[in-house]
Every structure is written in C-alpha cells, then in structure tokens.
Amino acid sequence: MRVGILSDIHGNLEALQACLARLEQEGAETYIQCGDIIGYGPDAEACVRQVSQLPLLASVMGNHDAILAFPSIGNLFNFDAKIALEESVPALSRTSIDYLRTLPTSAQGNNFAVLHGTPLDPIKEYFHSTTQFNVYYQMWQGQVLFVGHTHLPFYIKGSARTCHMYLNQKEEHTISLHDKCRYVINSGAVGKPRDHNPHASCGLWDTDNNTFTFLRQAYDISVTQAKMRAQHFPSFLIESLAYGL
C-alpha cells in the first residue's frame with residue numbers, strides 16, 4: 001500500500017492541491033495527516049473540506065487546529081499567527097469547525113503512530129532531536145512515528161540505545177526502512193516550508209517495499225499570496241512563502 005503523508009497544510013490550498021496531484025501520480029491510495037490544516041494561509045475552509053474527504057488512515061490535531069477545541073492555546077501564538085487565525089477561523093463552516101475540534105491528538109495504526117508534536121505533548125512540543133527519540137522511545141508503538149510541527153523534512157533512525165538524525169535537502173529522496181530500526185519521520189510542511197525551499201513538502205510511505213520518499217512539489221505561490229493580500233494577512237507571512245521561511 002502507498003500512503004501519502006501530509007503535514008502543516010496551513011490553509012494553503014494551492015500547495016495542498018499540488019501535493020495531492022503529485023501523490024496521486026505516485027500511486028497514493030490513502031493518506032495520513034499530521035496536523036495544522038489551518039493557520040497562516042487564506043483557504044482554511046477549503047483545505048479542511050478537502051482533507052476531510054480524503055481516504056484517511058489517520059488525521060490528527062495540530063496546535064493551530066487546536067484553537068477550535070482549546071481557545072486558550074491562542075496565547076502561545078506570535079502576532080502574525082494570531083492575525084492569520086483571526087482572519088481565517090470566522091470563515092470556517094460548522095462542519096469544518098466540528099471536524100477540527102474532534103480530531104484526536106494522536107493516532108495509532110498498523111505498525112505506525114501519528115501526532116503533531118511529541119508523545120509527551122502532542123500539540124505544543126516540537127520533535128526535533130535525537131535526545132527526544134531516546135527519551136520518548138517507549139512512548140509510541142510501531143516502526144514509524146509520523147510527526148509535523150517543525151515544518152522541516154527530516155527523519156531519525158535508530159534503536160533504544162542509539163540513533164541518528166537526517167535533514168532532507170533533496171527534491172526527491174527515498175529511504176529504506178530497516179526492520180531492526182524504528183523511525184521518526186517528518187515529511188515537512190505542505191503549506192509553509194521553513195527550510196529555505198519554497199516548494200511544498202510531502203511524503204510517500206510504501207508499506208509493501210518498506211520505503212519512505214520525501215517529495216517536493218512546485219506550485220503557483222503568487223496565487224496564494226494574492227489571496228493573502230486581499231484578506232489583509234501580515235506582510236511577513238505573505239512574502240515568506242516565496243523564500244521557504
């Protein structure tokens with residue numbers, strides 16, 4: 001089975017559609033969504049609708065999605081993130097609000113687990129180190145833990161004793177998942193990459209061949225930026241898309 005991995009869509013419909021088209025071309029049959037469908041981008045409603053209609057193995061809540069279930073989390077966002085949510089949340093339909101509000105903070109599947117942050121704090125804490133891999137090793141089940149939140153495509157490979165972390169810097173890169181190792185994999189951000197590459201980032205997990213492929217997909221950033229300007233989004237959020245920030 002080929003599984004498309006999506007994370008940090010952040011209301012960017014053009015990036016989402018580009019990734020879905022690419023993943024369909026690569027043979028994706030089902031999908032995993034690792035959190036933050038909304039926030040930062042101009043098309044929250046359309047993105048929630050599109051994700052909710054996908055054949056999903058798992059879909060979890062991110063910290064921006066959590067604003068619907070836990071309003072106090074808004075106190076943790078920076079100024080630009082707050083403004084973006086204030087612009088996009090009022091446009092959400094009741095159906096989309098209910099979808100986001102009832103997303104689980106973590107999900108468990110056949111030989112995999114999914115969450116946005118870490119097993120200790122699935123919503124707020126960033127998974128970004130080998131130390132965390134060692135500390136949280138017993139707190140998730142399966143060979144692969146899919147995460148999001150950092151907006152960086154990377155994987156950590158190892159065992160309870162030792163592990164190594166690798167940042168993906170290629171437009172397409174396939175890794176083999178060895179039976180004796182466990183993995184934490186972040187497919188990167190669909191809607192707002194932060195690795196200085198503006199191309200949308202996603203992944204493809206091939207369970208039959210036991211591989212994972214990091215994918216980058218170009219899309220028309222100017223269309224998203226025009227929508228953001230029309231909705232009076234902060235200038236940094238608009239311009240940063242073109243620079244992968």
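Checking the structure you have, find out if any residue of the stretch 160-176 is touching a strand residue (DSSP E or B) at 6+ places or on another chain (Cβ under 6 Å), over 23 Å from residue 208 (Cβ atoms) and open to solvent by less than 10 Å² (accessible area, probe 1.4 Å). No: zero hits.
Taking every residue in the stretch 219-239 that is at positive phi and pairing it with any residue that is surrounded by 12 or more Cβ atoms within 10 Å (Cβ to Cβ), at least 6 positions away or on another chain, the pairs with Cβ-Cβ distances below 9 Å are 232/83; 232/87. Among the residues of the stretch 103-117 satisfying the criterion of being touching a helix residue (DSSP H, G or I) at 6+ places or on another chain (Cβ under 9 Å) and not aliphatic (A, V, I, L, M), which is surrounded by the fewest Cβ atoms within 10 Å (Cβ to Cβ)? Out of the qualifying residues, it is 105.
If you go through the stretch 110-163 and pick out every residue that is of a type in the set (Gly, Ala, Ser) and at pLDDT below 95, you end up with 2. Filtering the stretch 1-41 down to residues that are open to solvent by 10 Å² or more (accessible area, probe 1.4 Å) and assigned to a loop (DSSP other than H, G, I, E, B), which residue is nearest to residue 110 (Cα to Cα)? Only one residue fits best here, namely 1.
So which residues in the stretch 58-71 are buried (at least 17 other Cβ atoms within 10 Å of the Cβ) and either within 13 Å of residue 104 (Cα to Cα) or among the polar types (S, T, N, Q) (or both), if there are any at all? Scanning the stretch 58-71 gives 58, 59, 60, 61, 62, 63, 65, 66, 68.
Of the residues making up the stretch 73-91, not a single one is surrounded by fewer than 20 Cβ atoms within 10 Å (Cβ to Cβ), at pLDDT 95 or above and of a type in the set (Lys, Arg). Of all the listed residues (181, 202), the sole one being open to solvent by less than 10 Å² (accessible area, probe 1.4 Å) and more than 14 Å from residue 243 (Cβ to Cβ) is 202. Select from the stretch 88-140 the residues that are of a type in the set (S, T, N, Q) and in contact with a strand residue (DSSP E or B) (Cβ under 6 Å, 6 or more places away or on another chain) and write down the one among them that is farthest from residue 73 (Cα to Cα). The extreme case among them is 130. Would you say residue 203 is in contact (Cβ under 8 Å) with a residue 40 or more places away in the chain, in contact with a strand residue (DSSP E or B) (Cβ under 8 Å, 6 or more places away or on another chain), of a type outside the set (Lys, Arg) and part of a loop (DSSP other than H, G, I, E, B)? Against the criterion (in contact (Cβ under 8 Å) with a residue 40 or more places away in the chain, in contact with a strand residue (DSSP E or B) (Cβ under 8 Å, 6 or more places away or on another chain), of a type outside the set (Lys, Arg) and part of a loop (DSSP other than H, G, I, E, B)), residue 203 does not qualify. Just so you know, in the stretch 223-245 the residues that are farther than 18 Å from residue 21 by Cβ and hydroxyl-bearing (Ser, Thr, Tyr) include one that is least open to solvent (accessible area, probe 1.4 Å), and it is 240.
For the stretch 52-60, the count of residues that are closer than 11 Å to residue 9 by Cα and modelled with pLDDT of 95 or more is zero. Only one of the listed residues (127, 79, 154, 133) is touching a Leu at 6+ places or on another chain (Cβ under 7 Å) and hydrophobic (A, V, I, L, M, F, W, C). That residue is 154. Taking the criterion of being free of Cβ contacts under 8 Å to residues at least 60 places away in the same chain and acidic (Asp, Glu), the residues of the stretch 11-30 that qualify are 24, 29.
The values are calculated or read from the model by the stated rules, or taken from the named source; none is laboratory data. None of these values were measured; they are calculated from a predicted model. In this analysis, Cβ positions are derived from the backbone assuming ideal geometry, glycine residues included, and neighbour counts consider all displayed protein chains. Note: areas computed on protein heavy atoms with side chains; ligands, DNA, RNA excluded. Shrake-Rupley method; radii C 1.70, N 1.55, O 1.52, S 1.80 Å.
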